[in-house]
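The values are calculated or read from the model by the stated rules, or taken from the named source; none is laboratory data. Not measured: the values here are computed from a predicted model. Cβ sites come from the backbone with ideal geometry, for glycine too, and all protein chains shown count toward neighbours.
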Amino acid sequence: MEHIVFLDRTTIPEHIDIPRPQSDHQWIEYQSTSPSQVIERLQHATIAISNKVQLTADILSQLPNLKFIAIGATGTNNVDVDYCHRHNIPVSNIRGYATRSVPEHVLAMIFALKRNLMGYQQDIIAGEWQKQQQFCFFTHSISDIAGSTIGIVGKGSLGVATANLATALGMKVLFAEHKHVTTCREGYTLFNDVLQQADIITLHCPLTDTTEYLIAKTELAQMKPNAILINTGRGGLVNEQDLVDALLDKKIAGAGCDVFTSEPPTDENPLLQQAHLPNLLLTPHVAWGSDSAITALVNQLIENIECFCNGKPHNLV
């Protein structure tokens, strides 16, 4: 019998049912787990489920019964995968479940920022329409989506799905080559050229040592002054203070951030401190979270566990 422990059930909305594996098992779930509780709660576990709870080498070394880790997300930065490889602990993640939800969120942010919807709502609340004494007023520029150029960093399932939606809306798509690479693969454009040509930059790459602060002061300075940046990938891909500075200095026209370097962010987070800006759109890491996407996620999570129990693990990282 497998002893399965889900460390952070609260990362899945309550109204989403999680099926149980058909294999013989014991299931224990906790709404959340603090770092000090991980070892105790996994002491007898053979299978651990974690969405965001950190499973470091130090923690894993104290869990002799652990045979398999099922990550309840695509990102793997919360698990020391290198340690798992060295100690023959298979790790699976979730793939392809949000190829509608995330791109639609990206497009929603693009429309809101390019048409300055938040700025106009703020102006109406402030009584600007009454002051203007006209049937409409134009306090912010409005840009069409069709005909614009979107630069996509990351050509996985989410990047490709975003490109398909962008193409359908009449946008020109550029996939960015890896940063600092001087020779392009077919179908890619040099990273700096994408920064300079795109009206919209959207990030769909993993957070690694090489992609941390992928977008910072130097990169923001290369973008068009009318360009916007969308980040639904990972918060650490963008230097948040540099982004705020670029917005305040009008180096770029707007930004939409669904992810933060630290989640939840503290009150001192530079993005939160400037949340009143009409050209800064913030959402709480929910781009992935349509009901259909989350249902697909939990079904795949259980499938990953079933496959491991049947001796045929898949979606391994």
How many residues of segment 124-150 are closer than 19 Å to M223 by Cα, polar (S, T, N, Q) and not in a loop (DSSP other than H, G, I, E, B)? The answer is 1
Just to check your reading of the model, which residue among Y30, Y97 is of a type in the set (F, W, Y) and modelled with pLDDT under 95?
Y97
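Okay, residues lined up against (1) touching an Asp or Glu at 6+ places or on another chain (Cβ under 7 Å); (2) modelled with pLDDT under 95; (3) not acidic (D, E):
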residue: K217; (1), (2), (3): yes, no, yes
residue: N226; (1), (2), (3): yes, no, yes
residue: I230; (1), (2), (3): no, no, yes
residue: V238; (1), (2), (3): no, no, yes
residue: D249; (1), (2), (3): no, no, no
residue: A253; (1), (2), (3): no, no, yes
residue: D258; (1), (2), (3): no, no, no
If you go through segment 102-111 one residue at a time, do you hit one that is in a loop (DSSP other than H, G, I, E, B) and either under 30 Å from V173 (Cα atoms) or not basic (K, R) (or both)?
no
Single residue of segment 235-282 satisfying the filter (in contact (Cβ under 8 Å) with a residue 60 or more places away in the chain and closer than 15 Å to H105 by Cβ) that is nearest to the chain's Cα centre (by Cα)
D258
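Table: residues versus (1) out of contact with any helix residue (DSSP H, G or I) (no Cβ under 8 Å at 6 or more places or on another chain); (2) over 23 Å from L280 (Cα atoms); (3) surrounded by fewer than 16 Cβ atoms within 10 Å (Cβ to Cβ).
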{"site": "Q122", "(1), (2), (3)": "yes, no, no"}
{"site": "I125", "(1), (2), (3)": "yes, no, yes"}
{"site": "Q132", "(1), (2), (3)": "yes, yes, yes"}
{"site": "G156", "(1), (2), (3)": "yes, yes, yes"}
Restricting to segment 282-312, and then to whatever is of a type in the set (G, A, S) and not in a helix (DSSP H, G or I), can you tell me which residue is surrounded by the fewest Cβ atoms within 10 Å (Cβ to Cβ)?
G311
Members of segment 190-230 that are aliphatic (A, V, I, L, M), more than 30 Å from V79 (Cβ to Cβ) and either touching a residue at least 40 places away in the same chain (Cβ under 8 Å) or buried (at least 20 other Cβ atoms within 10 Å of the Cβ) (or both)
V194, L195, A198, I200, L220, M223, A227, I228
Residues that are in a loop (DSSP other than H, G, I, E, B) and either within 20 Å of the chain's Cα centre (by Cα) or within 21 Å of T232 (Cα to Cα) (or both), drawn from segment 175-198:
E177, H178, K179, Y188, A198
Selection count where residues are free of Cβ contacts under 8 Å to residues at least 24 places away in the same chain, touching a helix residue (DSSP H, G or I) at 6+ places or on another chain (Cβ under 7 Å) and either surrounded by fewer than 19 Cβ atoms within 10 Å (Cβ to Cβ) or among the charged types (D, E, K, R) (or both), scope segment 69-120
0
Spot the failing condition for I201; the list is (1) outside any helix (DSSP H, G or I); (2) touching a Ser or Thr at 6+ places or on another chain (Cβ under 7 Å), and only one is missed.
(2)
Check on S157, under 22 Å from the mean Cα position of the chain (by Cα) and either closer than 22 Å to H314 by Cβ or aliphatic (A, V, I, L, M) (or both):
yes
